[in-house]
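The structure's right below; bear with me while I get my questions together.
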Amino acid sequence: MNPAPHLVLVGPMGAGKSTIGRRLAQRLGLPFDDMDAAIESHAGASVSTIFEREGEAGFRVRERAMLNALLQSPSRVIAAGGGVVLSEENRQALQARAFVVLLELSVEGQMERLARDRTRPLLQREDREAVLHALAEERAGLYSDVADLRFRTDGLAVNDAVVTLGRLIDAQWRREVAA
């Protein structure tokens, strides 16, 4: 058992962090926050617009502030953005205040799930598959470093993923009350 006040889902885009996270939160009786949606609400602008105006570096500053705010709030399930692990400060905060579940998905699975998605700034390029491979290579070790539990979502329906992952979480996470 790894005691922590929060359950945070990390992993590549398209892995199911938001969809599965929302359902897990309901199952666990906890509030749910999608970090990208929270950043958009706080900024009054879409992630794409933030990237256009402030660049990735500006977005990462907002992301770090949002993660810290959420980790200081009462216990909840948080769907983190795919790049949250790029910051050492974020990785330390996750390890200190969260039970971290890595949702894994192959690049092929990402290509399938993201085929019609045109909202993700890092995928606004011609060769989306090459971008996904590069991101996977860059981030895989960082995801593993913070993960308390790894769960592959390739080929799983949302309901099946939530039930199976929920059982694993019940067996491995002891929720602490957030101070």
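Do we have any residue at all in the range 162-173 that's at pLDDT below 95, of a type in the set (Val, Ile, Thr) and either surrounded by 20 or more Cβ atoms within 10 Å (Cβ to Cβ) or under 18 Å from the mean Cα position of the chain (by Cα) (or both)?
No, the range 162-173 contains no residue that is at pLDDT below 95, of a type in the set (Val, Ile, Thr) and either surrounded by 20 or more Cβ atoms within 10 Å (Cβ to Cβ) or under 18 Å from the mean Cα position of the chain (by Cα) (or both).
Give the residues of the range 40-50 that are touching a residue at least 40 places away in the same chain (Cβ under 8 Å) and surrounded by 17 or more Cβ atoms within 10 Å (Cβ to Cβ), sorted by residue number.
47, the sole residue that qualifies.
The values are calculated or read from the model by the stated rules, or taken from the named source; none is laboratory data. Note that the structure is predicted; figures quoted are calculated from it, not measured. Ideal geometry is used to build each Cβ from the backbone, glycine not excepted, and the neighbour counts take in all protein chains shown.
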